[in-house]
Amino acid sequence: MNRPAISVIIAVYNGEKTIGKAIESVLEQTYRAHELIVVDDGSNDDTAKVVRGFGERVTYLHQRNAGVSTARNAGASTATGDWLAFLDADDWYYPDRLRWHAEWIERDPGFDFFTGDYEYRRPDGSLISRSLEITRAGSGLLRRAHGAVKVVMDDVEMEAFVEDHFGDTHTLMVPRRTFLELGGYPAGLSVCEDVNFLIRLCAVSKRVGVICEPLGVYVIHPHSATRSDPLRAQRVTVEALLPLRDLLRDAPLPIRMGYRGRLRRARLNLAYALLRQRRRGEAIATALRSFVDDPGWQSLRHLASIGRGVFQSGVT
């Protein structure tokens with residue numbers, strides 16, 4: 001039986017303070033990665049020095065600053081493994097992260113991709129929550145698992161997963177061939193590029209394996225791009241989702257339904273972000289566009305909620 005060859009890709013920009021820990025977490029895996037590729041997206045700090053300190057154990061690539069999607073895609077194009085795993089430069093893997101997926105692939109190579117749970121932690125290391133337990137798809141899957149570590153996602157869970165996924169880029173394991181055929185991550189997006197790719201991946205997948213144990217840590221930074229400018233983040237999220245509408249027209253029903261729910265939620269969040277800045281007309285227009293594009297009781301409820309918010313903000 002062939003052992004899966006897993007290429008791990010880390011995209012980094014000015015990550016001198018965190019990239020070392022991320023790299024160590026890959027090199028210390030109980031299942032050895034086929035290769036570790038670090039793509040430096042034009043850093044102007046000592047990132048290169050830190051990475052090169054690991055010697056031949058790490059393949060270091062440098063590019064002009066072009067964004068995280070382009071960096072990850074460059075790593076995937078260079079990779080020689082059959083499977084791809086990703087990690088952000090300020091996060092880290094737990095020691096068995098690769099082993100959980102690799103052993104499952106060895107026993108059953110017919111999966112389209114794998115994902116799993118992870119932990120949200122603050123920069124000081126304190127635990128916030130786990131990914132599976134705070135989403136509808138994840139909590140439902142945990143109930144069905146009854147304590148099992150490995151679960152295969154069903155259609156109901158797939159719909160909920162597309163609408164509000166658990167796991168993240170660093171819990172994903174995808175065949176390199178599939179990644180390249182899908183065109184990788186969309187260039188030019190600083191927010192939601194991972195969701196755009198994940199939805200496209202789900203649309204061509206039938207069997208998805210989930211590890212219900214934490215595979216790594218996602219660090220929540222209070223001054224990240226998403227939190228420092230939430231209105232821009234919500235706009236970019238909607239912009240990242242809209243191009244998928246035509247692409248998913250012939251996708252399986254659970255994928256289309258999950259996508260519709262995700263876009264509705266993204267537009268609602270954008271409308272609330274606009275409302276918080278007292279841009280009432282834009283907020284109403286956003287909610288109305290959602291209802292026009294996807295008429296139904298949920299869109300109508302969202303429109304009514306924004307309407308109440310506009311009225312209340314106008315009388316306070």
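Using DSSP, restrict attention to beta bridges with both residues in the chain and report what percent are antiparallel, rounded to the nearest 5. So the antiparallel bridges amount to about 30 percent of the total. For region 166-302, the gyration tensor built on C-alpha atoms gives an oblate shape. Its axis ratio a/c (a ≥ b ≥ c) is at least 1.5, and a/b is not larger than b/c. For the peptides 56-66, 169-179, residues were scored by their other Cβ atoms within 10 Å and the scores averaged per peptide; the highest-first order is 169-179, 56-66.
Estimated from helical segments only, the mean residue ellipticity of the chain at 222 nm is -14000 deg cm²/dmol, where each DSSP H run of four or more residues counts as -39500 (n - 2.57).
Note on residue 155 and residue 292: with the Förster distance fixed at 25 Å, the Cβ-Cβ geometry gives a FRET efficiency of about 0.30. Note: relative contact order over region 187-281, using C-alpha pairs below 8 Å and six or more positions apart, is 37 percent.
Taking the Cβ of residue 106 as the centre, find all other residues whose Cβ is under 15 Å away and add up their charges (Lys, Arg: +1; Asp, Glu: -1). That sum, taken over residues with Cβ under 15 Å, equals +1. Taken per residue, the accessible surface of region 193-316 reaches 51 Å², heavy atoms only and a 1.4 Å probe. Normalised per residue, the accessible area of region 118-191 is 46 Å², obtained with a 1.4 Å probe and no contribution from ligands, DNA or RNA.
Listed by chain and number, the lysines whose C-alpha is less than 21 Å from the C-alpha of residue 17, apart from same-chain residues fewer than 8 away, are 49. Entry note, the chain: relative contact order of 18 percent, from Cα contacts under 8 Å with a spacing of 6+ residues. The chymotrypsin sites (Phe, Trp or Tyr not before Pro) found in region 245-298 include none that occupy coil by DSSP while having at most 10 further C-beta atoms within 10 Å. In sequence order, region 285-296 has phi-based couplings of 4, 5, 5, 5, 4, 4, 5, 5, 6, 9, x, x Hz under the Karplus curve 6.51 cos²θ - 1.76 cosθ + 1.60, θ = phi - 60°, and Gly or Pro positions carry x.
According to a simple spin-label model (label point 7 Å from Cα along Cα-to-Cβ), what is the distance in nm between residue 242 and residue 28? The answer from the label model is 4.5 nm. Backbone N atoms of region 94-136 closer than 11 Å to the 7 Å Cα→Cβ label point of residue 17 belong to residues 123-124. Considering only 19, 134, 37, the mean-square fluctuation computed in a Gaussian network model of the chain, springs between alpha carbons under 10 angstrom, is largest for 134. Cross-link partners of residue 21 among aspartates and glutamates, defined as those whose alpha carbon lies under 12 angstrom from its own and excluding same-chain residues fewer than eight positions apart: 88, 90, 91. Computed from label points 7 Å out along Cα-Cβ, the spacing between residue 312 and residue 146 is 4.3 nm. The apolar share of the surface of the chain, taken as the fraction of accessible area on carbon and sulfur atoms (1.4 Å probe, ligands and nucleic acids excluded), comes to 51 percent.
The values are calculated or read from the model by the stated rules, or taken from the named source; none is laboratory data. Computed from a predicted model, the values in this text were never measured in an experiment. Cβ sites come from the backbone with ideal geometry, for glycine too, and all protein chains shown count toward neighbours. Accessible surface is based on the protein model in full, side chains and every heavy atom, while ligands, DNA and RNA are left aside. Shrake-Rupley method; radii C 1.70, N 1.55, O 1.52, S 1.80 Å.
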